[in-house]
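Here the structure is laid out as structure tokens; the discussion comes afterwards.
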Amino acid sequence: MTTDALSRTFQALADPTRRSILARLREVGEASVAELAVPFDLTQRAISKHVGVLEEAGLVSRSRDAQRRPSRLRVEPLTEVDRWLEEYRGIWDERFAALREELARDDVANHTEHAADEGKTS
């Protein structure tokens with residue numbers, strides 16, 4: 001069974017630890033597995049497996065720097081996710097616009113009703 005790149009990206013992003021690793025790489029630029037493991041209650045081996053999943057999905061690249069293998073965030077797969085989500089943004093934009101209109105109508109109706117009630121009590 002072959003899995004397309006978008007599916008691999010979503011599978012990698014489904015895990016909160018992997019999302020945290022990506023956030024950390026976004027902040028620091030690059031880090032070794034040992035450095036990435038610091039905030040987690042996980043072994044370096046477990047973090048290395050998570051980084052491997054991220055690398056397979058294309059979200060992380062690793063290089064060799066003497067004895068270190070620093071990981072770096074790659075944004076290209078996230079750009080593909082953004083493109084895919086763009087198709088659905090229009091739907092949400094329409095729904096939010098309709099909600100804003102409905103709330104504005106309710107606000108006007110409530111204001112008019114409140115003003116009428118004040119006129120009766122004066």
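Observations on the model:
- When the range 32-57 is limited to residues that are in a loop (DSSP other than H, G, I, E, B) and among the polar types (S, T, N, Q), the one that is nearest to Arg83 (Cα to Cα) turns out to be Ser32.
- Selection of first residues in the range 24-37 that are more than 7 Å from Pro70 (Cα to Cα) and of second residues that are among the charged types (D, E, K, R), restricted to Cβ pairs under 8 Å at least 6 apart or on distinct chains, gives the following pairs, ordered by first then second residue: Leu25/Arg72; Val28/Glu35; Gly29/Arg72; Val33/Arg69; Leu36/Arg24.
- Looking only at the range 1-31, and only at residues there that are under 17 Å from Ser61 (Cβ atoms) and not in a helix (DSSP H, G or I), the one that is nearest to the chain's Cα centre (by Cα): Gly29
Coordinate-derived values only; no laboratory data. All values derive from a computational prediction rather than experimental measurement. Positions of Cβ are backbone-derived with ideal geometry, glycine not excepted, and every protein chain shown enters the neighbour counts.
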